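Below is one structure, written out as structure tokens, with a few remarks after it.
The values are calculated or read from the model by the stated rules, or taken from the named source; none is laboratory data. None of these values were measured; they are calculated from a predicted model. Glycine also receives a Cβ, built like all others from the backbone with ideal geometry; neighbour counts cover every protein chain displayed.
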Amino acid sequence: MKSKFMKFEELIGELGVSKATVYRWIKIGELMRPIELGSNTKVFLREEVAFYLNGIISGKNKLELVQEVYESRKSTPIKQGE
């Protein structure tokens, strides 16, 4: 079973772009910021990445997709044991 988290390197492979492109997209708001689990550990949620990629495939705007992800983060509590 895969983890619900995706590390940065795995995200780059999933998107098929360079590390510089991912950093640029995050900076300009076209990709969601990673979640910091610790001072040196940053991850993305697989379900957020899947939502984002499905939205792009459907022709949705990247900025709007990122805003939806951030809204979801605010309204979805983390459940213990998941």
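From the list 44, 8, exactly one residue is hydrophobic (A, V, I, L, M, F, W, C), over 20 Å from residue 72 (Cβ atoms) and under 14 Å from the mean Cα position of the chain (by Cα). Which is it?
Just a single option satisfies the conditions, and that option is 8.
Within the stretch 29-62, restricting attention to residues that are among the hydrophobic types (A, V, I, L, M, F, W, C) and loosely packed, with under 11 Cβ neighbours inside 10 Å, which residue is modelled with the lowest pLDDT?
Among those that are among the hydrophobic types (A, V, I, L, M, F, W, C) and loosely packed, with under 11 Cβ neighbours inside 10 Å, it is 37.
If residue 77 satisfies all but one of (1) assigned to a helix (DSSP H, G or I); (2) modelled with pLDDT under 95, what's the number of the condition it fails?
The number of the failed condition is (1).
Which numbered condition in (1) in contact with an Asp or Glu (Cβ under 6 Å, 6 or more places away or on another chain); (2) part of a loop (DSSP other than H, G, I, E, B) is the only one that residue 42 fails?
For residue 42, the failing item is (2).
For residue 49, work out the one condition from (1) under 20 Å from residue 3 (Cβ atoms); (2) free of Cβ contacts under 8 Å to residues at least 40 places away in the same chain; (3) in a helix (DSSP H, G or I) it doesn't fulfil.
Here residue 49 meets the rest and fails (2).
Quick check on my filter: what residues within the stretch 1-28 are among the acidic types (Asp, Glu) and closer than 19 Å to residue 56 by Cβ?
Scanning the stretch 1-28 gives 10, 14.
Among the listed residues 13, 59, which satisfies the condition of being on the phi > 0 side of the Ramachandran plot and either not in a helix (DSSP H, G or I) or not acidic (Asp, Glu) (or both)?
That would be 59, the only listed residue that is on the phi > 0 side of the Ramachandran plot and either not in a helix (DSSP H, G or I) or not acidic (Asp, Glu) (or both).
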